[in-house]
Amino acid sequence: MLKNDQISQIVNGKRVIVKKPELLAPAGNLEKLKVAVHYGADAVFIGGQEYGLRSNADNFTLEEMAEGVQFANKYGAKIYVTTNIYAHNENIPGLEEYLQGLEEAGVHGIIVADPLIIETARRVAPKLEVHLSTQQSLANWKAVQFWKEEGLERVVLARETSAEEIREIKEKVDIEIETFIHGAMCIAYSGRCVLSNHMTARDSNRGGCCQSCRWDYDLYKLDGSQEIALFDENDDPFAMSPKDLNLIQSIPKMIELGIDSLKIEGRMKSIHYVATVVSVYRKVIDAYCADPDHFVIQKEWLDELDKCANRDTAPAFFEGVPGYKEQMFGVHGKKTTYDFAGFVLDYDRDTKMVTLQQRNFFKSGDVVEFFGPEIDNFTQVVGTIWDEDGNEIDAARHPLQIVKFKVEKDVFPYNMMRKER
(Lines give C-alpha, C1' and ligand atoms only; values in the text may rest on other atoms or scores of the structure.)
Protein backbone atom coordinates (compact mmCIF):
# COMPACT_ATOMS: atom_id res chain seq x y z
CA MET A 1 0.00 0.00 0.00
CA LEU A 2 1.03 3.61 -0.54
CA LYS A 3 2.20 5.67 2.44
CA ASN A 4 -1.15 7.44 2.83
CA ASP A 5 -3.18 4.28 2.52
CA GLN A 6 -3.13 2.72 5.98
CA ILE A 7 -6.24 0.55 6.18
CA SER A 8 -6.37 -0.53 9.83
CA GLN A 9 -4.73 -0.08 13.21
CA ILE A 10 -4.94 -1.57 16.69
CA VAL A 11 -7.16 0.37 19.09
CA ASN A 12 -7.51 -0.90 22.70
CA GLY A 13 -6.16 -4.27 21.66
CA LYS A 14 -8.59 -4.68 18.73
CA ARG A 15 -8.02 -4.13 15.05
CA VAL A 16 -10.32 -1.52 13.52
CA ILE A 17 -10.55 -0.06 10.03
CA VAL A 18 -9.33 3.54 9.98
CA LYS A 19 -9.85 4.03 6.25
CA LYS A 20 -13.59 3.60 5.88
CA PRO A 21 -14.69 3.80 2.22
CA GLU A 22 -17.27 6.28 1.00
CA LEU A 23 -20.67 4.74 0.25
CA LEU A 24 -21.85 6.38 -2.97
CA ALA A 25 -25.53 6.12 -3.92
CA PRO A 26 -27.58 7.00 -7.02
CA ALA A 27 -30.40 9.54 -7.19
CA GLY A 28 -32.55 10.27 -10.22
CA ASN A 29 -34.46 13.12 -8.54
CA LEU A 30 -34.51 15.23 -5.39
CA GLU A 31 -36.67 12.81 -3.39
CA LYS A 32 -34.26 9.94 -4.11
CA LEU A 33 -31.30 12.12 -3.14
CA LYS A 34 -32.83 12.87 0.25
CA VAL A 35 -33.70 9.21 0.80
CA ALA A 36 -30.18 8.07 -0.14
CA VAL A 37 -28.58 10.49 2.31
CA HIS A 38 -31.08 9.71 5.06
CA TYR A 39 -30.46 5.96 4.69
CA GLY A 40 -26.71 6.31 5.08
CA ALA A 41 -25.01 7.36 1.85
CA ASP A 42 -21.82 9.37 2.32
CA ALA A 43 -22.21 10.80 -1.16
CA VAL A 44 -24.79 10.82 -3.96
CA PHE A 45 -24.29 11.02 -7.71
CA ILE A 46 -26.96 12.74 -9.77
CA GLY A 47 -27.51 13.90 -13.34
CA GLY A 48 -28.40 17.29 -14.71
CA GLN A 49 -30.61 18.17 -17.63
CA GLU A 50 -27.64 17.82 -19.98
CA TYR A 51 -24.34 15.97 -20.45
CA GLY A 52 -25.28 12.85 -18.46
CA LEU A 53 -25.97 9.24 -19.45
CA ARG A 54 -29.47 8.76 -18.04
CA SER A 55 -31.71 10.90 -20.22
CA ASN A 56 -34.78 8.93 -19.08
CA ALA A 57 -34.23 9.72 -15.41
CA ASP A 58 -36.03 12.75 -13.95
CA ASN A 59 -32.67 14.51 -13.51
CA PHE A 60 -31.99 17.82 -11.77
CA THR A 61 -32.29 21.47 -12.61
CA LEU A 62 -29.52 23.68 -11.23
CA GLU A 63 -31.97 24.96 -8.62
CA GLU A 64 -32.77 21.40 -7.50
CA MET A 65 -29.05 20.63 -7.34
CA ALA A 66 -28.53 23.60 -5.02
CA GLU A 67 -31.35 22.35 -2.78
CA GLY A 68 -29.88 18.85 -2.83
CA VAL A 69 -26.46 20.19 -1.87
CA GLN A 70 -27.94 22.12 1.06
CA PHE A 71 -29.72 18.98 2.28
CA ALA A 72 -26.62 16.82 1.89
CA ASN A 73 -24.45 19.35 3.71
CA LYS A 74 -26.61 18.95 6.84
CA TYR A 75 -25.61 15.27 6.92
CA GLY A 76 -21.99 15.80 5.88
CA ALA A 77 -22.63 14.15 2.51
CA LYS A 78 -21.25 15.13 -0.90
CA ILE A 79 -22.97 15.55 -4.25
CA TYR A 80 -21.35 14.54 -7.56
CA VAL A 81 -22.89 15.26 -10.96
CA THR A 82 -22.49 13.02 -13.99
CA THR A 83 -21.28 14.91 -17.05
CA ASN A 84 -20.06 11.73 -18.68
CA ILE A 85 -21.34 11.85 -22.25
CA TYR A 86 -18.93 11.70 -25.17
CA ALA A 87 -19.63 15.13 -26.59
CA HIS A 88 -20.44 15.79 -30.23
CA ASN A 89 -19.97 19.22 -31.79
CA GLU A 90 -23.57 20.11 -30.98
CA ASN A 91 -22.89 19.55 -27.25
CA ILE A 92 -20.18 22.20 -27.01
CA PRO A 93 -22.33 25.37 -26.91
CA GLY A 94 -23.49 26.00 -23.34
CA LEU A 95 -20.94 23.69 -21.72
CA GLU A 96 -18.98 26.44 -19.95
CA GLU A 97 -22.12 28.02 -18.52
CA TYR A 98 -23.40 24.63 -17.36
CA LEU A 99 -20.18 23.76 -15.52
CA GLN A 100 -20.09 27.19 -13.90
CA GLY A 101 -23.68 26.62 -12.79
CA LEU A 102 -22.68 23.33 -11.13
CA GLU A 103 -19.88 25.08 -9.26
CA GLU A 104 -22.21 27.86 -8.11
CA ALA A 105 -24.75 25.28 -6.91
CA GLY A 106 -22.12 23.94 -4.50
CA VAL A 107 -21.63 20.56 -6.18
CA HIS A 108 -18.52 18.79 -4.84
CA GLY A 109 -17.39 17.20 -8.08
CA ILE A 110 -18.25 15.94 -11.56
CA ILE A 111 -17.87 12.52 -13.17
CA VAL A 112 -16.44 12.92 -16.66
CA ALA A 113 -15.36 10.81 -19.64
CA ASP A 114 -14.63 13.30 -22.42
CA PRO A 115 -11.29 15.20 -22.29
CA LEU A 116 -13.09 18.26 -23.68
CA ILE A 117 -15.31 18.44 -20.59
CA ILE A 118 -12.34 17.76 -18.28
CA GLU A 119 -10.32 20.60 -19.83
CA THR A 120 -13.28 22.97 -19.79
CA ALA A 121 -14.08 22.24 -16.14
CA ARG A 122 -10.48 22.87 -15.11
CA ARG A 123 -10.56 26.21 -16.88
CA VAL A 124 -14.00 27.64 -16.02
CA ALA A 125 -15.03 25.81 -12.80
CA PRO A 126 -11.80 25.05 -10.90
CA LYS A 127 -13.53 24.36 -7.57
CA LEU A 128 -15.14 21.20 -8.96
CA GLU A 129 -13.32 17.95 -8.30
CA VAL A 130 -13.00 15.96 -11.52
CA HIS A 131 -13.54 12.19 -11.35
CA LEU A 132 -12.94 10.05 -14.41
CA SER A 133 -16.04 8.11 -15.43
CA THR A 134 -16.20 4.35 -15.85
CA GLN A 135 -16.98 5.22 -19.50
CA GLN A 136 -13.21 5.39 -20.00
CA SER A 137 -13.00 1.67 -19.10
CA LEU A 138 -9.90 2.03 -16.92
CA ALA A 139 -8.47 -1.36 -15.98
CA ASN A 140 -4.68 -0.91 -15.69
CA TRP A 141 -2.36 1.14 -13.49
CA LYS A 142 -0.55 2.85 -16.37
CA ALA A 143 -3.80 4.42 -17.60
CA VAL A 144 -4.69 5.41 -14.04
CA GLN A 145 -1.25 7.02 -13.68
CA PHE A 146 -1.88 9.00 -16.88
CA TRP A 147 -5.10 10.48 -15.52
CA LYS A 148 -3.46 11.28 -12.18
CA GLU A 149 -0.80 13.23 -14.07
CA GLU A 150 -3.65 15.07 -15.83
CA GLY A 151 -4.69 16.34 -12.42
CA LEU A 152 -7.76 14.20 -11.66
CA GLU A 153 -8.61 13.48 -8.03
CA ARG A 154 -10.40 10.15 -8.59
CA VAL A 155 -10.95 7.49 -11.22
CA VAL A 156 -13.97 5.21 -11.49
CA LEU A 157 -12.69 1.83 -12.63
CA ALA A 158 -14.27 -0.30 -15.31
CA ARG A 159 -16.72 -2.87 -14.00
CA GLU A 160 -14.51 -5.46 -15.69
CA THR A 161 -11.59 -4.85 -13.29
CA SER A 162 -10.62 -7.74 -11.00
CA ALA A 163 -9.57 -7.60 -7.36
CA GLU A 164 -5.94 -8.36 -8.24
CA GLU A 165 -5.88 -5.61 -10.86
CA ILE A 166 -7.26 -3.16 -8.30
CA ARG A 167 -4.61 -4.25 -5.80
CA GLU A 168 -1.84 -3.43 -8.26
CA ILE A 169 -3.41 -0.08 -9.15
CA LYS A 170 -3.61 0.88 -5.47
CA GLU A 171 0.00 -0.18 -4.88
CA LYS A 172 1.41 1.83 -7.79
CA VAL A 173 -0.75 4.97 -8.10
CA ASP A 174 -1.65 7.37 -5.28
CA ILE A 175 -5.13 8.37 -6.43
CA GLU A 176 -8.67 7.78 -5.16
CA ILE A 177 -10.32 4.68 -6.60
CA GLU A 178 -14.08 4.30 -7.01
CA THR A 179 -15.64 1.03 -8.05
CA PHE A 180 -19.16 -0.36 -8.50
CA ILE A 181 -20.56 -2.79 -5.93
CA HIS A 182 -24.22 -3.19 -6.89
CA GLY A 183 -26.54 -2.66 -9.85
CA ALA A 184 -26.81 -3.21 -13.57
CA MET A 185 -24.01 -4.62 -15.70
CA CYS A 186 -23.43 -3.72 -19.35
CA ILE A 187 -23.06 -6.56 -21.87
CA ALA A 188 -20.30 -4.49 -23.51
CA TYR A 189 -17.61 -2.39 -21.89
CA SER A 190 -19.84 0.07 -20.10
CA GLY A 191 -21.47 2.50 -22.48
CA ARG A 192 -19.48 1.34 -25.52
CA CYS A 193 -22.31 -0.67 -27.07
CA VAL A 194 -23.76 0.37 -30.43
CA LEU A 195 -26.77 -1.96 -30.40
CA SER A 196 -29.05 0.81 -29.13
CA ASN A 197 -27.77 3.25 -31.76
CA HIS A 198 -28.17 0.68 -34.53
CA MET A 199 -31.62 -0.56 -33.56
CA THR A 200 -33.34 2.57 -32.29
CA ALA A 201 -31.06 5.52 -33.16
CA ARG A 202 -30.71 6.16 -29.41
CA ASP A 203 -27.11 6.91 -28.53
CA SER A 204 -25.75 4.95 -25.56
CA ASN A 205 -22.92 7.40 -25.08
CA ARG A 206 -25.26 10.37 -24.87
CA GLY A 207 -27.79 8.98 -22.43
CA GLY A 208 -30.19 7.18 -24.74
CA CYS A 209 -29.46 3.47 -24.23
CA CYS A 210 -32.62 1.41 -24.84
CA GLN A 211 -31.05 -1.69 -23.23
CA SER A 212 -31.12 -3.76 -26.40
CA CYS A 213 -29.23 -6.53 -24.60
CA ARG A 214 -32.27 -7.13 -22.40
CA TRP A 215 -34.62 -7.79 -25.32
CA ASP A 216 -35.80 -11.23 -26.38
CA TYR A 217 -34.21 -12.65 -29.53
CA ASP A 218 -34.66 -15.66 -31.78
CA LEU A 219 -31.41 -17.26 -32.91
CA TYR A 220 -30.62 -18.15 -36.53
CA LYS A 221 -27.57 -19.11 -38.49
CA LEU A 222 -27.03 -18.02 -42.06
CA ASP A 223 -26.40 -20.78 -44.59
CA GLY A 224 -25.74 -18.92 -47.81
CA SER A 225 -28.87 -16.85 -48.25
CA GLN A 226 -30.99 -19.13 -46.09
CA GLU A 227 -31.76 -18.45 -42.42
CA ILE A 228 -31.86 -21.64 -40.34
CA ALA A 229 -33.60 -21.43 -36.96
CA LEU A 230 -31.56 -22.52 -33.96
CA PHE A 231 -34.57 -22.65 -31.66
CA ASP A 232 -37.85 -24.49 -31.21
CA GLU A 233 -41.18 -22.73 -30.79
CA ASN A 234 -41.38 -23.82 -27.15
CA ASP A 235 -37.91 -22.54 -26.25
CA ASP A 236 -37.48 -19.63 -23.90
CA PRO A 237 -36.47 -16.43 -25.70
CA PHE A 238 -32.76 -15.68 -25.78
CA ALA A 239 -31.31 -12.63 -24.04
CA MET A 240 -27.65 -11.66 -23.98
CA SER A 241 -27.73 -9.74 -20.72
CA PRO A 242 -25.40 -10.37 -17.79
CA LYS A 243 -26.81 -10.78 -14.32
CA ASP A 244 -26.82 -7.66 -12.19
CA LEU A 245 -23.83 -6.92 -9.99
CA ASN A 246 -23.92 -7.84 -6.30
CA LEU A 247 -20.67 -7.61 -4.29
CA ILE A 248 -22.03 -7.70 -0.74
CA GLN A 249 -19.92 -10.78 0.04
CA SER A 250 -16.81 -9.03 -1.28
CA ILE A 251 -17.08 -5.82 0.76
CA PRO A 252 -14.46 -6.95 3.34
CA LYS A 253 -11.95 -7.64 0.56
CA MET A 254 -12.70 -4.29 -1.08
CA ILE A 255 -12.17 -2.43 2.19
CA GLU A 256 -8.86 -4.22 2.80
CA LEU A 257 -7.75 -3.24 -0.72
CA GLY A 258 -8.14 0.40 0.26
CA ILE A 259 -10.82 1.25 -2.31
CA ASP A 260 -11.93 4.80 -1.57
CA SER A 261 -15.53 4.80 -2.81
CA LEU A 262 -18.04 1.95 -3.19
CA LYS A 263 -20.68 2.82 -5.75
CA ILE A 264 -24.27 1.63 -6.14
CA GLU A 265 -25.77 1.91 -9.63
CA GLY A 266 -29.39 2.84 -10.28
CA ARG A 267 -30.42 6.47 -10.81
CA MET A 268 -33.66 5.28 -12.44
CA LYS A 269 -34.55 2.90 -9.60
CA SER A 270 -37.30 3.58 -7.05
CA ILE A 271 -36.80 5.17 -3.64
CA HIS A 272 -37.61 1.75 -2.17
CA TYR A 273 -34.66 0.27 -4.07
CA VAL A 274 -32.33 3.11 -3.10
CA ALA A 275 -33.32 2.95 0.58
CA THR A 276 -33.03 -0.83 0.80
CA VAL A 277 -29.69 -1.20 -0.97
CA VAL A 278 -28.05 1.79 0.72
CA SER A 279 -29.16 0.69 4.19
CA VAL A 280 -27.85 -2.86 3.70
CA TYR A 281 -24.42 -1.80 2.44
CA ARG A 282 -24.24 0.83 5.20
CA LYS A 283 -24.67 -1.93 7.78
CA VAL A 284 -22.10 -4.19 6.12
CA ILE A 285 -19.46 -1.46 5.84
CA ASP A 286 -19.97 -0.21 9.41
CA ALA A 287 -19.96 -3.71 10.91
CA TYR A 288 -16.78 -4.73 9.13
CA CYS A 289 -14.92 -1.52 9.93
CA ALA A 290 -15.82 -1.77 13.62
CA ASP A 291 -14.52 -5.34 14.08
CA PRO A 292 -13.05 -6.81 10.89
CA ASP A 293 -11.50 -9.86 12.54
CA HIS A 294 -14.86 -11.14 13.82
CA PHE A 295 -17.07 -10.01 10.95
CA VAL A 296 -19.76 -12.37 9.61
CA ILE A 297 -22.19 -11.64 6.78
CA GLN A 298 -25.71 -11.77 8.24
CA LYS A 299 -28.39 -13.71 6.41
CA GLU A 300 -30.85 -10.91 7.12
CA TRP A 301 -28.73 -8.55 4.98
CA LEU A 302 -28.87 -10.94 2.03
CA ASP A 303 -32.60 -11.43 2.49
CA GLU A 304 -33.13 -7.67 2.63
CA LEU A 305 -31.42 -7.14 -0.74
CA ASP A 306 -33.73 -9.74 -2.28
CA LYS A 307 -36.75 -7.68 -1.25
CA CYS A 308 -35.95 -5.04 -3.86
CA ALA A 309 -34.19 -7.12 -6.54
CA ASN A 310 -35.87 -7.65 -9.89
CA ARG A 311 -33.08 -9.54 -11.65
CA ASP A 312 -30.65 -12.29 -10.67
CA THR A 313 -27.27 -11.13 -9.40
CA ALA A 314 -23.64 -12.26 -9.52
CA PRO A 315 -20.21 -10.95 -8.38
CA ALA A 316 -19.19 -10.35 -12.01
CA PHE A 317 -15.51 -9.59 -12.72
CA PHE A 318 -14.25 -8.62 -9.26
CA GLU A 319 -13.93 -12.25 -8.20
CA GLY A 320 -12.76 -13.52 -11.59
CA VAL A 321 -13.97 -13.74 -15.17
CA PRO A 322 -17.73 -14.50 -15.24
CA GLY A 323 -18.81 -17.81 -16.71
CA TYR A 324 -22.05 -19.17 -18.07
CA LYS A 325 -23.79 -18.98 -14.70
CA GLU A 326 -23.21 -15.22 -14.48
CA GLN A 327 -25.16 -14.60 -17.72
CA MET A 328 -28.90 -14.55 -18.36
CA PHE A 329 -30.03 -16.77 -21.20
CA GLY A 330 -33.69 -17.41 -21.90
CA VAL A 331 -35.06 -15.74 -18.79
CA HIS A 332 -35.03 -12.22 -17.41
CA GLY A 333 -34.56 -13.21 -13.78
CA LYS A 334 -36.62 -13.16 -10.65
CA LYS A 335 -39.14 -10.54 -9.64
CA THR A 336 -39.21 -9.15 -6.14
CA THR A 337 -41.91 -10.61 -3.92
CA TYR A 338 -42.44 -7.28 -2.14
CA ASP A 339 -44.18 -4.05 -3.11
CA PHE A 340 -43.25 -0.65 -1.72
CA ALA A 341 -46.56 0.32 -0.10
CA GLY A 342 -46.06 3.51 1.88
CA PHE A 343 -43.74 6.37 2.86
CA VAL A 344 -43.90 7.62 6.46
CA LEU A 345 -44.57 11.35 6.80
CA ASP A 346 -45.22 11.59 10.55
CA TYR A 347 -45.87 9.54 13.69
CA ASP A 348 -47.68 10.50 16.90
CA ARG A 349 -46.27 8.56 19.84
CA ASP A 350 -49.22 9.42 22.08
CA THR A 351 -51.89 8.12 19.73
CA LYS A 352 -49.56 5.63 17.94
CA MET A 353 -50.96 6.99 14.68
CA VAL A 354 -48.80 7.01 11.55
CA THR A 355 -49.36 9.48 8.72
CA LEU A 356 -48.30 7.79 5.54
CA GLN A 357 -48.23 8.49 1.81
CA GLN A 358 -49.51 5.54 -0.21
CA ARG A 359 -47.15 4.21 -2.88
CA ASN A 360 -48.97 0.95 -3.74
CA PHE A 361 -52.40 -0.45 -2.91
CA PHE A 362 -52.88 -1.87 0.58
CA LYS A 363 -55.95 -2.58 2.72
CA SER A 364 -57.05 -3.33 6.25
CA GLY A 365 -55.93 -6.82 7.23
CA ASP A 366 -52.72 -6.76 5.16
CA VAL A 367 -49.49 -7.82 6.84
CA VAL A 368 -46.92 -5.07 6.25
CA GLU A 369 -43.27 -4.53 7.15
CA PHE A 370 -41.74 -1.23 8.27
CA PHE A 371 -38.04 -0.47 7.83
CA GLY A 372 -35.70 2.50 8.15
CA PRO A 373 -32.32 3.57 9.54
CA GLU A 374 -33.74 4.40 13.00
CA ILE A 375 -35.63 1.13 13.53
CA ASP A 376 -35.29 -2.63 13.32
CA ASN A 377 -37.56 -4.15 10.69
CA PHE A 378 -40.92 -5.22 12.11
CA THR A 379 -44.22 -6.49 10.76
CA GLN A 380 -47.78 -5.86 11.81
CA VAL A 381 -51.33 -6.18 10.52
CA VAL A 382 -52.95 -3.02 9.14
CA GLY A 383 -56.03 -2.17 11.19
CA THR A 384 -58.58 0.55 10.54
CA ILE A 385 -57.46 3.09 7.94
CA TRP A 386 -58.54 6.75 7.83
CA ASP A 387 -58.03 9.24 5.02
CA GLU A 388 -56.58 12.70 5.72
CA ASP A 389 -60.08 14.09 6.32
CA GLY A 390 -60.72 11.54 9.05
CA ASN A 391 -63.04 9.31 7.03
CA GLU A 392 -62.75 5.59 7.65
CA ILE A 393 -61.75 3.67 4.48
CA ASP A 394 -61.17 0.00 3.82
CA ALA A 395 -58.10 0.45 1.57
CA ALA A 396 -55.55 2.97 0.33
CA ARG A 397 -56.43 2.86 -3.36
CA HIS A 398 -55.22 6.13 -4.79
CA PRO A 399 -51.63 6.97 -5.77
CA LEU A 400 -49.90 9.21 -3.20
CA GLN A 401 -53.03 9.18 -1.01
CA ILE A 402 -52.40 10.43 2.55
CA VAL A 403 -53.76 7.97 5.11
CA LYS A 404 -53.50 7.20 8.82
CA PHE A 405 -53.64 4.04 10.91
CA LYS A 406 -52.23 2.73 14.18
CA VAL A 407 -48.68 1.38 14.34
CA GLU A 408 -47.68 -0.15 17.66
CA LYS A 409 -43.92 0.53 17.38
CA ASP A 410 -42.30 3.90 16.80
CA VAL A 411 -41.61 4.89 13.21
CA PHE A 412 -40.03 8.04 11.79
CA PRO A 413 -40.30 10.28 8.73
CA TYR A 414 -38.57 8.69 5.70
CA ASN A 415 -39.24 5.17 7.09
CA MET A 416 -40.95 2.95 4.53
CA MET A 417 -43.62 0.29 4.50
CA ARG A 418 -43.62 -2.71 2.18
CA LYS A 419 -45.92 -5.69 1.79
CA GLU A 420 -45.42 -9.16 0.43
CA ARG A 421 -47.27 -9.91 -2.78
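The values are calculated or read from the model by the stated rules, or taken from the named source; none is laboratory data. Since the model is a prediction, treat every value here as computed from it, not as a measurement. Don't worry about glycine lacking a Cβ; one is built from the backbone with ideal geometry, like all the others, and counts go over all protein chains shown. Ligands, DNA and RNA are excluded from the accessible area calculation, which covers all protein heavy atoms including side chains. Shrake-Rupley method; radii C 1.70, N 1.55, O 1.52, S 1.80 Å.
Descriptive notes on the structure:
- Accessible surface of ASP203 - all protein chains present, 1.4 Å probe, nearest 10 Å²: 30
- Accessible surface computed residue by residue for the chain, with neighbouring protein chains in place and a 1.4 Å probe, gives 47 Å² per residue.
- Pairs of lysine residues in region 307-421 - Cα separation under 24 Å, sequence separation of 8 or more or cross-chain: 23
- Taking a span of 18 Å or more along the helix axis (Cα atoms) and a mean Kyte-Doolittle hydropathy of at least 0.0 as the rule, the DSSP H helices of the chain that qualify are 271-290.
- Which listed pairs, of LYS32/LYS263; LYS269/LYS299; LYS243/LYS269; LYS78/LYS127, have C-alpha distances above 18 Å, in listed order: LYS269/LYS299
- Distance in nm between pseudo-label sites at TYR75 and PHE238 (7 Å out along the Cβ direction from Cα): 4.5
- Under 20 Å from the Cα of LYS221 - aspartates and glutamates, other chains or at least 8 residues apart: ASP232, GLU233, ASP235, ASP236
- FRET E, pair GLN298, GLU171, Förster distance 35 Å, beta-carbon r, rounded to 0.05: 0.65
- Excluding same-chain neighbours fewer than eight residues apart, the aspartates and glutamates reachable from LYS20 by a Cα-Cα span under 16 Å are ASP5, ASP42, GLU176, GLU178, GLU256, ASP260, ASP286, ASP291, ASP293.
- Over region 35-134: Rg over Rh, Cα atoms, Kirkwood Rh: 0.95
- Burial order of peptide ranges 124-135, 62-73 (average beta-carbon count within 10 Å, highest first): 124-135, 62-73
- When ILE92, ILE181 are compared by accessible area of protein heavy atoms, the largest-first order is ILE92, ILE181, using a 1.4 Å probe.
- (i) 20.0; (ii) 25.4; (iii) 28.7, with the label sought being that of the calculated mean projected area of the Cα convex hull in nm²: (ii)
- Cα centroid of region 231-254 to Cα centroid of region 284-326, whole Å: 15
- FRET E, pair ASN391, HIS88, Förster distance 45 Å, beta-carbon r, rounded to 0.05: 0.20
- Rg and Dmax of region 259-414, Cα atoms only, in Å: 18.8, 59
- Here the accessible area of region 245-364 is 53 percent carbon and sulfur, with a 1.4 angstrom probe and all protein chains present.
- Pairwise centroid distance, computed over Cα atoms, of region 2-48 with region 79-99, Å: 27
- Note on LEU222 and MET268: with the Förster distance fixed at 25 Å, the Cβ-Cβ geometry gives a FRET efficiency of about 0.10.
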